[in-house]
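Undergrad: Just passing along the structure, written as structure tokens.
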Amino acid sequence: MKSADRPLPSLDVERFAAGPVLLIAAALFALEMALSGRYGFHGDELYFLDAARHLQGGYVDQPILVPLLARVSLSLFGVSLPGLRVWAALAVAATVVIGGLLARELGGRRNAQILAALATATMPAVIGTGDILEPTTLDILFWAALALVVVRIGRTGDCRYWLLGGVVLGVGLANKHSIGFFAVAIFFGALLSGGWRLVLNRWALAGAVIAAFFTIPDLWWQATNGWPTIAMTQALNQENGGLGNISTWVVGQLLMVTLALAWLWVVGIVFLWRSGRPLWRALVWAYGLLFVLFALTTGAKIYYLAAAYVYLLAAGAVGVEAWWATHRVRSGLVLAATALTTALILPIVLPIQPASTLSASQATSPLGEEVGWPDMVETVATVWFSLPAAQRANAVILTFDYSQAGAINELGPGLGLPTAVSAHNTEWFWGPGNPNATTVVAWYPGSVDMTSDEAVADLSHYFQHVRVAATISNSAGVHNQDWGGHVYVCTGLKHPWATMWPMLRHYS
């Protein structure tokens, strides 16, 4: 028997530093909720609300969990920013608690647990996703929770915890598919670390079966609709992957953790690797394997590995605990630097400053996409009601992407607008609206995504007459993705509207 195969003795754990860890989590929750209504809905959130009104087993770009949570919020609070974003705030607060628990499971005492919670709470990736309800927000939580289960099994050798791991993985898969890659990477990491007995047993198999159970609705929807998520993933990889985006990916990883603590996760890698525990080493393998995979396939999406830094920071906190206690001056300087770098990052990732003062780079960031939707919907309404009543009776509103459709469908009813349709991702599956439409009011985005000439050329494939009816802007003057786009009135359909609908479908 190789030494790596021998079961290591279980480690005792210290008492959980519940008071300070929960205080840090509560502070982050309070911050997120205090700012939750400052700007407006993010475009993705408007789409999720639209998806919530079309509950189904799966969607092109996600499984069911976020639309399901959005449906609960609609039932409890109506179309409400705080009512929707409370889930995100709860998720990041829970992630902070898990950061502290990870440090405890790794053998950390009170100071290590507090440092791990603080390091997690100051991660830009955590703070920024707590402002928006999106799959990534919950994905970070579920990755961290699965890592906690893995660390517990690695500490105790008790494989019965794989049943809990199966539940965590299953719920995570109901939110986003990427946690499946994390689970597979952990499995291979365990094999490479000599821990095959810990992952090849009846409890691990039972956990895998439990996780698979949660994927049945999504798999059923995918199978009955031609596996559209695969097509969308290929489109995303072509757009964001490749060698040209590797440098973006590498540099982007430095932005996942507040700069003053960027060294801490490196210490975490060393700590886990030197632990001699196969499952703890498996987490290092998982990080390395996924670092390479995502760098090649989704390089421009730098946040795909953000969740891994939660357990790496926790391990780093345990690794430096003795140093932290004996070098109080240096530890104090690190805390001061952490406060400074976090203060600098907050206005970049949270809606703190007035929207009108957002920089050009922020305008096309997630923050910029929270600005201007009511103004833009009013512009569409102006064009819609400028049409004669007889023409409106045989017209539909078409949007280029799902955010625009969600904006009209969630914010437009009060203005008297009909339900908008879009051929983007899952919106396409909800149909063309009036199949006999003879006029289409089309809302296309600004120059960040396409020029006006490109938009007219695209529409001209389907309509003989395309005229600009309005230009999109917002009262804050934020040049986001829709700024400078246009609303077009399109007539002279080259094919019946219902016949053209399959031709319009696009994934991104």
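The values are calculated or read from the model by the stated rules, or taken from the named source; none is laboratory data. Source: prediction; values computed, not measured. Cβ: placed from backbone, ideal geometry, glycine included. Neighbour counts: every protein chain shown. When the accessible area is computed, the model is the full protein with side chains, heavy atoms only, and any ligands, DNA or RNA have been set aside. Shrake-Rupley method; radii C 1.70, N 1.55, O 1.52, S 1.80 Å.
Undergrad: Using Cα-only point scatterers and the Debye equation, what is log10 of I(q)/I(0) for the stretch 19-133 at each q in 0.15, 0.17, 0.18, 0.19 Å⁻¹, rounded to two decimals?
TA: Log10 of I(q)/I(0), two decimals: -0.69, -0.81, -0.87, -0.92.
Undergrad: Select one label from (1) 1.10; (2) 1.01; (3) 0.99: the one whose number is Rg/Rh (Cα atoms, Kirkwood Rh) as derived from the coordinates shown.
TA: Derived directly from the coordinates: (2).
Undergrad: Show the residues, 5+ positions off or on another chain, whose built amide H is closer than 5 Å to the amide H of Met123.
TA: Long-range HN contacts for Met123: Thr258.
Undergrad: Give me the net charge for the shell around Val284: Cβ to Cβ below 15 angstrom, other residues only, Lys and Arg +1, Asp and Glu -1. Intermediate values should be presented prior to the final figure.
TA: On the way: positive: Arg274, Arg277, Arg281; negative: none.
Cβ neighbours under 15 Å give a net charge of +3.
Undergrad: For the stretch 337-427, what does the alpha-carbon gyration tensor say about shape, rounded, prolate or oblate, given a ≥ b ≥ c as the root eigenvalues, a/c under 1.5 as rounded, and a/b over b/c as prolate?
TA: On the way: a/c = 3.90, a/b = 2.67, b/c = 1.46.
Prolate, since a/c reaches 1.5 and a/b exceeds b/c.
Undergrad: In addition: Could you give the Stokes-Einstein D for the stretch 408-508 in µm² per second, using the C-alpha Kirkwood radius, 37 °C, 0.692 mPa s?
TA: Numbers: Rh = 14.5 Å.
After rounding, the answer is 227 µm²/s.
Undergrad: What dipole magnitude, in Debye to the nearest 20, does the stretch 327-417 give about its Cα centre under +1 on Lys/Arg Cβ and -1 on Asp/Glu Cβ? List each step's numbers first, then the result.
TA: Working: 3 positive and 6 negative charges, 91 e Å.
So the magnitude is around 440 debye.
Undergrad: I would also like to ask the following. What is the distance in Å between the Cα centres of the stretch 9-64 and the stretch 350-364?
TA: Here the two parts' Cα centres lie 22 Å apart.
Undergrad: Sticking with this one: Projecting each Cα onto the charge dipole of the stretch 52-117 (Lys/Arg +1, Asp/Glu -1 at the beta carbon, about the Cα centre), which of Val72, Ala89, Gly100 comes out farthest on the positive side?
TA: Working it through, the farthest residue towards the positive pole turns out to be Gly100.
Undergrad: Sticking with this one: Residue farthest toward the positive end of the dipole of the chain, with Cβ of Lys/Arg at +1 and Asp/Glu at -1: which of Ala381, Val60, Ile179?
TA: Farthest towards the positive end: Ile179.
Undergrad: Do any trypsin sites (Lys or Arg not before Pro) in the stretch 443-508 lie in a DSSP loop with no more than 12 other beta carbon atoms within 10 Å, and if so, which? Don't jump to the answer; show the numbers that get you there.
TA: On the way: sites: Arg467, Lys494, Arg505; in loops: Lys494, Arg505.
Taking the stretch 443-508 and a limit of 12 other Cβ atoms within 10 Å, the loop trypsin sites (Lys or Arg not before Pro) found are Lys494.
Undergrad: Given Cβ point charges of +1 (Lys, Arg) and -1 (Asp, Glu) and nothing else, what value in debye, to the nearest 20, does the dipole of the stretch 374-508 about its Cα centre take?
TA: With only Lys, Arg, Asp and Glu charged at Cβ, the dipole is about 480 debye.
Undergrad: Something else: Suppose only helical runs count, i.e. DSSP H with n ≥ 4. What mean residue ellipticity at 222 nm does that imply for the chain under -39500 (n - 2.57) per run, divided by all residues and rounded to the nearest 500 deg cm²/dmol?
TA: Working: 25 runs with 301 residues, N = 508.
Computed ellipticity for the chain at 222 nm equals -18500 deg cm²/dmol.
Undergrad: Next question, about the same structure. Could you pull out every residue, at least 5 positions away or on a different chain, whose amide H is within less than 5 Å of the one on Leu493? Hs are placed 1.01 Å off N in the peptide plane, and Pro or chain starts have none.
TA: Counting only residues 5 or more places away or on other chains, the set is Gln464.
Undergrad: Still on this structure: Along the stretch 444-456, what does the Karplus equation 6.51 cos²θ - 1.76 cosθ + 1.60 (θ = phi - 60°) give for ³J(HN,Hα), rounded to whole Hz, x for Gly and Pro?
TA: Rounded to whole hertz, the list is 10, x, x, 5, 4, 9, 6, 7, 4, 4, 5, 5, 5.
Undergrad: Let me ask another. Using θ = phi - 60° and the Karplus form 6.51 cos²θ - 1.76 cosθ + 1.60, what ³J(HN,Hα) does each residue of the stretch 115-131 get, whole Hz, x for Gly and Pro?
TA: Once θ is set to phi - 60°, the couplings for the stretch 115-131 become 5, 5, 5, 5, 4, 5, 5, 9, 5, x, 5, 7, 4, x, 6, x, 8 Hz.
Undergrad: Amide H of Arg505: which non-local residues (sequence gap of 5 or more, or other chain) have their own amide H closer than 5 Å, using H built in the peptide plane?
TA: Here the answer is none, since no amide H 5 or more places off falls under 5 Å of that of Arg505.
Undergrad: Have a look at Val468, Thr399, Thr426 and report the one farthest towards the positive end of the charge dipole of the stretch 398-479, computed about the Cα centre with Cβ charges (Lys/Arg +1, Asp/Glu -1).
TA: Positive-most Cα among the choices belongs to Val468.
Undergrad: Rounded to the nearest 5, what is the percent of antiparallel bridges among the DSSP beta bridges in the chain? Kindly include the intermediate steps, with their values, before the conclusion.
TA: Numbers: 12 of 20 bridges.
The antiparallel proportion sits near 60 percent.
Undergrad: Same structure again: Taking the solvent-accessible surface of protein heavy atoms with a 1.4 Å probe, what is the per residue accessible area of the stretch 67-131 in Å²?
TA: Values: 1810 Å² over 65 residues.
In whole numbers, the stretch 67-131 has 28 Å² accessible per residue.
Undergrad: Apply the Karplus parameterisation 6.51 cos²θ - 1.76 cosθ + 1.60, with θ equal to phi minus 60°, to every residue of the stretch 316-333 and state each ³J(HN,Hα) to the nearest whole Hz, in sequence, with x for glycine and proline.
TA: Working through the residues one at a time gives x, 4, 5, x, 9, 4, 5, 4, 4, 6, 9, 10, 5, 5, 5, 4, x, 5 Hz.
Undergrad: Something else about it: Ignoring any ligand, DNA or RNA, what whole percent of the accessible area of the chain comes from carbon and sulfur when the probe is 1.4 angstrom? Kindly include the intermediate steps, with their values, before the conclusion.
TA: On the way: 13400 of 20680 Å².
Of the solvent-accessible surface of the chain, carbon and sulfur hold 65 percent.
Undergrad: Among residues other than Thr364 whose Cβ falls under 13 Å from its Cβ, what is the net charge (Lys/Arg +1, Asp/Glu -1)?
TA: Details: positive: none; negative: Glu369, Glu370, Asp449, Asp482.
Around Thr364, the surrounding residues sum to -4.
Undergrad: Magnitude of the Cβ-charge dipole of the chain, K/R +1 and D/E -1, about the Cα centre, nearest 20 debye?
TA: Working: 26 positive and 28 negative charges, 404 e Å.
Dipole about the Cα centre, nearest 20: 1940 debye.
Undergrad: Based on the alpha-carbon gyration tensor of the stretch 265-396 and its eigenvalue square roots a ≥ b ≥ c, which shape applies: rounded if a/c is under 1.5, prolate if not and a/b is larger than b/c, or oblate? It would help to have the intermediate numbers written out before the result.
TA: Working: a/c = 4.91, a/b = 2.10, b/c = 2.34.
It comes out oblate by the Cα gyration axes.
Undergrad: Under the rule a/c < 1.5 gives rounded, and otherwise a/b versus b/c splits prolate from oblate, where does the stretch 254-313 land using the Cα gyration tensor? Can you show the working numbers first?
TA: Numbers: a/c = 2.78, a/b = 1.28, b/c = 2.17.
Oblate.
Undergrad: Something else: By how many degrees, between 0 and 90 and to the nearest 10, does the Cα long axis of helix 373-386 differ from the longest principal axis of the chain?
TA: On a 0 to 90 degree scale, this one is about 20.
Undergrad: Taking a quarter of the surface of the Cα convex hull of the stretch 183-271, what do you get in nm²? Intermediate results must be reported in sequence, preceding the final value.
TA: Values: hull surface 36.5 nm².
For the stretch 183-271, averaging the hull's shadow over all directions gives 9.1 nm².
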